[in-house]
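Here is the structure we will look at, set down as structure tokens.
The values are calculated or read from the model by the stated rules, or taken from the named source; none is laboratory data. Here the structure is a predicted model, which means the values were calculated and not measured. All Cβ positions, glycine included, derive from the backbone under ideal geometry; neighbour counts span all protein chains shown. Quick note on the areas: whole protein, heavy atoms, side chains included, nothing else; ligands and nucleic acids left out. Shrake-Rupley method; radii C 1.70, N 1.55, O 1.52, S 1.80 Å.
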Amino acid sequence: MTALGSANRGVRDAGPSGWLAVPALVFFLAFAVVPLIGVVLLSFTSWNGLGEIKLDGLSSWTTVLTDPVTGNALVVTGKIMFFSFIVQAPISLLLGVFTAGGQKYRAALAVLYFLPLLLSSAAVAIAFKALLDPNFGLGPGFNLPILAQDWLGNSDLVLFVVVFVIAWQFVPFHTLIYQGGVRQIPTSLYEAAEIDGAGRFRQFWNITLPQLKYTIITSSTLMVVGSLAYFDLIFVLTGGGPGYSTRLLPLHMYLTGFKANDMGAASALGVILVVIGLGLALILQRLGGKNRNASQLEGA
């Protein structure tokens, strides 16, 4: 009985069986790895999407890498990534800390903050496109000249409008992440800080931020890598215009493949997109150190 108990205990200590991961692994291989391999192979072909697929060597890659529109798409993607991050990150953090409080009015405000999460990106884009219309939108409706500008037709303004719409939609999501992180921090830390005479700002700076280290890295990774997938919102809102002002990399890939009927070049752009996304994700995760999967409550 003792030997049997030790054996059972050894099985339990070993953790769940690796076979439980097989279904997820099969789905990952079928819907992620295999399509990615197909895209890589297509990037070395010439195909219009309907006819015969012909091997074309590095022709598609040469076309993509020498196309100034690709360079512009990378710059636009970088700008949207940078500005959306510096807008979303502090707002989400502060709102997450605020809504984590136990007061009832904060819970009511949290519900309002999270409403955009219920809307699709296409619906958000259609709504803002109507609201910002210089002829029928908010400006003419309220007779406010400052709002009657051609926000989506002005190349100097449209990028910041896009960043605003992105922040409006996704700040609630990251707020929810930070709210959950703050609620995991033991209240004993704040009680001890109050006894030591620390004010709200010092508590936030010396307790909240350090304890949210891994939450910040997770949220930042989602923000930065997610900015590479802002396709549907920008496609509906601006279509990549005016000119190439908002033609970021995913939209450029779509227009190259389904408008210009050049699937080889579009596949090359897709590979570039994947490499950039993986690179950024790895860099951000490295910031968490070797123990980034450890509890953020260590030392509490």
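Taking the chain as the region of interest, the number of lysine pairs whose Cα atoms are within less than 27 Å, with members eight or more places apart or on different chains, is 6. Could you tell me what percent of the accessible area of the chain is made up of carbon and sulfur, with a 1.4 Å probe and every protein chain present? That share works out to 69 percent. So what's the net charge close to residue 203: Lys and Arg +1, Asp and Glu -1, counting the other residues with Cβ under 13 Å from its Cβ? Local charge sum for residue 203: -1. Taking all protein chains as they are arranged and a probe of 1.4 Å, the heavy atoms of residue 263 leave approximately 40 Å² accessible to solvent. Counting only DSSP H runs of at least 4 residues, each contributing -39500 (n - 2.57), and dividing by the residue count of the chain, the helix-based mean residue ellipticity at 222 nm comes to -19000 deg cm²/dmol.
In the calculated pair distance distribution of the chain, what percentage of Cα-Cα distances lie above 26 Å?
Values: 27315 of 44850 pairs.
Cα-Cα pairs of the chain separated by over 26 Å account for 61 percent.
The H on the amide N of residue 45, modeled in the peptide plane, is under 5 Å from the matching H of 56, each at least 5 residues off or on a different chain. Neighbours of residue 266 by Cβ distance under 14 Å: Lys/Arg scored +1, Asp/Glu scored -1, total -1.
Peptides 167-177, 44-54, ordered by how many other C-beta atoms sit within 10 Å of their residues on average, highest first, read 167-177, 44-54. Of the residues 214, 178, ranked by 1.4 Å probe accessible area with the largest first, the sequence reads 214, 178. Counting Lys and Arg as +1 and Asp and Glu as -1 over every other residue whose Cβ lies under 15 Å from the Cβ of residue 253, the net charge comes to -1. Would you be so kind as to identify all helices of the chain, as entire DSSP H runs, whose Cα atoms reach 30 Å or more along the helix's own axis and whose mean Kyte-Doolittle hydropathy is at least 0.0? The answer, listed by residue number, is 68-99, 158-183, 263-286. Note on the chain: dipole from Cβ charges, positive end direction compared against 50, 78, 118; the farthest Cα belongs to 118. Counting only protein heavy atoms and a 1.4 Å probe, the chain has 58 square angstrom of accessible area per residue.
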